[in-house]
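Everything below concerns the one structure shown next.
Every number in this text was worked out from the coordinates using simple rules, so none of it is lab data. Given the structure is predicted, the values throughout are model-derived calculations rather than measurements. Cβ atoms come from the backbone with ideal geometry, glycine included; neighbour counts cover every protein chain shown.
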Amino acid sequence: MKKFSKEVQIALVAIVGIVILYMGLHFLKGLPIFSTDRNYYVKFNDISGLSVSSPIYANGYRVGVVEDIIYDYGRQNNIVAVIGLNNEMRLPKGSNAEIASDLLGNIKLELVLGPNPSDLLQPGDTISGGLQQGVMGLAAGMVPQIQAMLPKLDSILMNVNLLLSDPALKNSLHHIDQITGNLTTTTNELNTMAQALNRQMPSLIKNADGMLANANDLTRNLNELDLAATMAKVNNTLQNVEQMTAKLNSNEGTLGLLMRDADLYNNMNATMMHADSLMIDLKAHPKRYVHFSVFGRKDK
């Protein structure tokens with residue numbers, strides 16, 4: 001068997017080492033060693049930290065990796081990223097790519113697929129790229145508002161410090177213990193009242209049951225009451241009252257004549273006045289009306 005010279009052996013070892021180093025570097029970068037991926041191009045104005053070996057996701061699933069980034073020094077807003085997608089991955093027309101980052105600063109490329117899955121792009125086509133408005137983007141957009149709020153926050157903190165340094169607030173804080181003690185006392189009293197109410201609750205329920213029983217008896221008695229006969233009696237009474245009222249309003253009977261005949265009323269009034277005058281004169285001169293003598297002789 002013919003042996004290789006030392007120079008050839010060293011050369012073979014060097015070649016194998018270079019191949020292994022190349023494969024290792026690709027492996028460490030996350031790039032496929034024996035690539036069968038489909039390559040597409042994504043055009044950006046700003047890649048915001050996107051680099052070679054950054055992962056590519058579609059609907060949350062990893063489908064490829066960024067293989068190269070081409071920067072145009074003549075047109076600084078023209079940056080092209082070469083992406084390698086899985087051989088089974090197809091890009092519909094209208095798809096684009098968005099650079100996204102998480103809270104830890106990891107950069108990835110999200111594919112936003114087009115609406116028609118049957119109308120596909122060909123490998124080597126170019127799609128547009130941009131920045132995803134994620135949590136970090138929203139936080140960056142809030143920075144101007146936060147800066148505008150800082151003077152107000154300083155004023156609020158100053159007022160809070162003035163309030164805390166007010167002696168009245170300190171006195172109020174000293175009275176909190178007393179207020180808490182009063183609240184504790186009130187709570188204990190309420191608990192005592194609640195316990196007493198709980199002890200009296202059976203008797204209250206029993207009384208309520210008795211009242212319900214009485215109400216049931218009253219309802220039963222009302223149900224048993226002959227309302228028709230009662231209403232007939234009431235109607236008869238009302239008829240009698242109506243008849244009596246009619247007689248009083250007519251000229252029949254003494255009361256009717258007295259109420260409606262003015263002459264009768266005047267005569268009766270005059271008679272009463274004469275009788276009253278007679279009684280007064282009788283009290284004043286009784287001898288005019290009563291004659292009394294022991295010897296049977298009249299006084300003249």
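Some values worked out for this structure:
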quantity: Ascending count of other beta-carbon atoms within 10 Å, so fewest first, for TYR73, TYR61, TYR40, TYR265; calculated: TYR73, TYR61, TYR265, TYR40
quantity: Inter-label distance, nm, simple model (7 Å from Cα along the C-beta direction), ARG220/LEU163; calculated: 6.8 nm
quantity: Sum of side-chain charges, SER48 neighbourhood, beta-carbon under 12 Å (Lys, Arg +1; Asp, Glu -1); calculated: -1
